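Chemist: First the structure, then my questions, so here it is.
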Amino acid sequence: MSSLESAIVQLAAASKIENAAEARQTFLEFREQLTQGKIRAAEKIDGRWVVHAWVKQGILLGFRLGELAEMGSQACLSFVDKDTFPARRFGVGDRVRVVPGGSSVRLGAYVAPSVICMPPMFINAGAYVDEGTMVDSHALVGSCAQVGKRVHLSAAAQIGGVLEPVNAAPVIIEDDVLIGGNCGVYEGTLVRARAVLGAGTILTRSTPLYDLVRGEVYRASAEKPLEVPEHAVVVPGSRAVTKGKAAEWNLSLYTPVIVKYRDEKTDQGTGLEDWLR
């Protein structure tokens, strides 16, 4: 355990923080490393995603230590928020393209060089957004969400945040995934590399995923999240309800469905993303 991790764990466990100035300095060091991507809420180690609960504890500590402060410009846009998580300011040297129009990234979020942010969008503290990813208009990347390389989060896509419980896996989107418009990925769902979510697809722990190609049904369990396989192409679907009044009324419920696995035709349909970057 590093000295920073040990300090964060101790401060998070304390019922009362005796030395607020020292605690704040520890948090600022933690936030800087989080912003630089040197630490993260989850990472892939030997092919398996590992959650770092202490990082989530550090983020929660920041909200605990923070005080309300006025931010922004009084002349136009003004805000009141915890002073421990102000908006991040980018420079040309960061090599992050932030298009004008009302986007915001909190300090404590890692945004890699070559990421494109289309307005308006929001990336919350603890999130990790890797190289070549596009965060499109009205898209949200929640606290501690892990987004891989060359991902496209289309307009109004919602990548949920998971701060508590601290040992819970965050939402993870692996490399080269396409998330369609108005999609929602929540509650620690894991989307494997090169998967495609069609517009309007919703994924949660309580939603089974039906694989028409392999004839399987994927569900989350107490030990593991809902997992979308590599290369899967998922679209919104429905399943009949066969009990009680629902059957009598011919009702059906929403469910995500894997209709195919990514092929050359799918790649041609997503090839425009390279031009946009």
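Chemist: Positive end of the dipole of the chain, charges at C-beta (+1 Lys, Arg; -1 Asp, Glu), about the Cα centre: which of 85, 167, 115 has its Cα farthest in that direction?
Modeler: 167
Chemist: Among the listed pairs 16/224; 56/260; 149/224; 82/149, which have their C-alpha atoms separated by more than 25 angstrom in this model? Working shown, then result.
Modeler: On the way: 16/224 34 Å; 56/260 36 Å; 149/224 23 Å; 82/149 30 Å.
As for pairs spanning more than 25 Å Cα to Cα, those are 16/224; 56/260; 82/149.
Chemist: May I pose another question? If you place +1 on the Cβ of every Lys and Arg and -1 on the Cβ of every Asp and Glu, how big does the dipole about the Cα centre of the chain come out, in debye to the nearest 20? Show your work: numbers first, answer last.
Modeler: Working: 30 positive and 31 negative charges, 79 e Å.
Charge dipole of the chain: 380 debye, to the nearest 20.
Chemist: Considering only DSSP beta bridges whose two residues both sit in the chain, what percent are antiparallel, to the nearest 5?
Modeler: Details: 22 of 56 bridges.
Counting DSSP beta bridges with both partners in the chain, the antiparallel share is about 40 percent.
Chemist: Which is farthest toward the positive dipole end of the chain among 182, 51, 19, measuring Cα position about the Cα centre, with Cβ charges +1 (Lys, Arg) and -1 (Asp, Glu)?
Modeler: Toward the positive end, the furthest listed residue is 182.
Chemist: So, one more: Testing the spin-label approximation: label points 7 Å from Cα along Cα→Cβ at residue 77 and residue 223. State their distance in nm.
Modeler: With each label point 7 Å from Cα toward Cβ, the separation is 4.6 nm.
Chemist: Another question about this same structure. Working from the pairwise distances between different alpha carbons, so that the mean of 1/r is found and then inverted, what is the chain's Kirkwood radius in Å?
Modeler: Details: mean 1/r = 0.0502 Å⁻¹.
Averaging 1/r across every pair of different Cα atoms and inverting gives 19.9 Å.
Chemist: In whole percent, and with a 1.4 Å probe on the protein chains, what portion of the accessible area of the chain is carbon and sulfur? Present the calculation step by step, with values, prior to reporting the outcome.
Modeler: Working: 7270 of 14000 Å².
On the chain, the fraction of accessible area on carbon and sulfur atoms equals 52 percent.
Chemist: Only helical DSSP H runs with n ≥ 4 go in: add -39500 (n - 2.57) per run for the chain, normalise by residue count and round the 222 nm mean residue ellipticity to 500 deg cm²/dmol. Intermediate values should be presented prior to the final figure.
Modeler: Numbers: 6 runs with 57 residues, N = 277.
Result for the chain, helices only: -6000 deg cm²/dmol.
Chemist: How big is the charge dipole of segment 1-68 about its Cα centre, in debye rounded to the nearest 20, if each Lys and Arg gets +1 on its Cβ and each Asp and Glu gets -1 on its Cβ?
Modeler: Values: 9 positive and 8 negative charges, 49 e Å.
It works out to roughly 240 debye.
Chemist: Can you give me the angle between helix 53-65 and the longest principal axis of the chain, using Cα atoms only, in degrees from 0 to 90, rounded to the nearest 10?
Modeler: 50
Chemist: Also, I was wondering about something else. As I understand it, the value is the acute angle between the Cα axis of helix 20-35 and the longest principal axis of the Cα atoms of the chain; what does it come to in degrees, rounded to 10?
Modeler: Roughly 40 degrees, rounded to the nearest 10.
Chemist: Under 18 Å from a label point 7 Å along Cα→Cβ of residue 204: give me every residue in segment 160-188 with its amide N that close.
Modeler: What the label zone holds, given the 18 Å backbone N cut-off, is 160-165, 169-172, 182-188.
Chemist: May I ask you to give the solvent-accessible area per residue for segment 66-141, in square angstrom, as obtained with a 1.4 angstrom probe?
Modeler: On the way: 3700 Å² over 76 residues.
I get 49 Å² per residue for this part.
Chemist: Tell me the label-point distance for the pair residue 94, residue 267, using the 7 Å Cα-to-Cβ offset, in nm and rounded to one decimal.
Modeler: Simple spin-label model gives 3.4 nm for this pair.
Chemist: If you don't mind, another one. Round to the nearest 0.05 the FRET efficiency obtained for residue 25 and residue 114 when R0 = 25 Å and r is the Cβ-Cβ distance.
Modeler: Once rounded, the FRET efficiency stands at 0.20.
Chemist: Next question, about the same structure. What do you get for the angle between helix 3-13 and the principal long axis of the chain? Use alpha-carbon atoms, 0 to 90 degrees, nearest ten.
Modeler: The helix 3-13 is inclined about 80 degrees to the chain.
Chemist: Could you check the spin-label model distance between residue 70 and residue 249? Points 7 Å from the Cα along Cα→Cβ, value in nm.
Modeler: According to this spin-label approximation, the distance is 5.3 nm.
The values are calculated or read from the model by the stated rules, or taken from the named source; none is laboratory data. Everything numeric in this text was worked out from a predicted model, so none of it was measured. Neighbour counts run over all protein chains shown; Cβ positions are idealised from the backbone, glycine included. The area values use the complete protein model at the heavy-atom level, side chains included, leaving out ligands, DNA and RNA. Shrake-Rupley method; radii C 1.70, N 1.55, O 1.52, S 1.80 Å.
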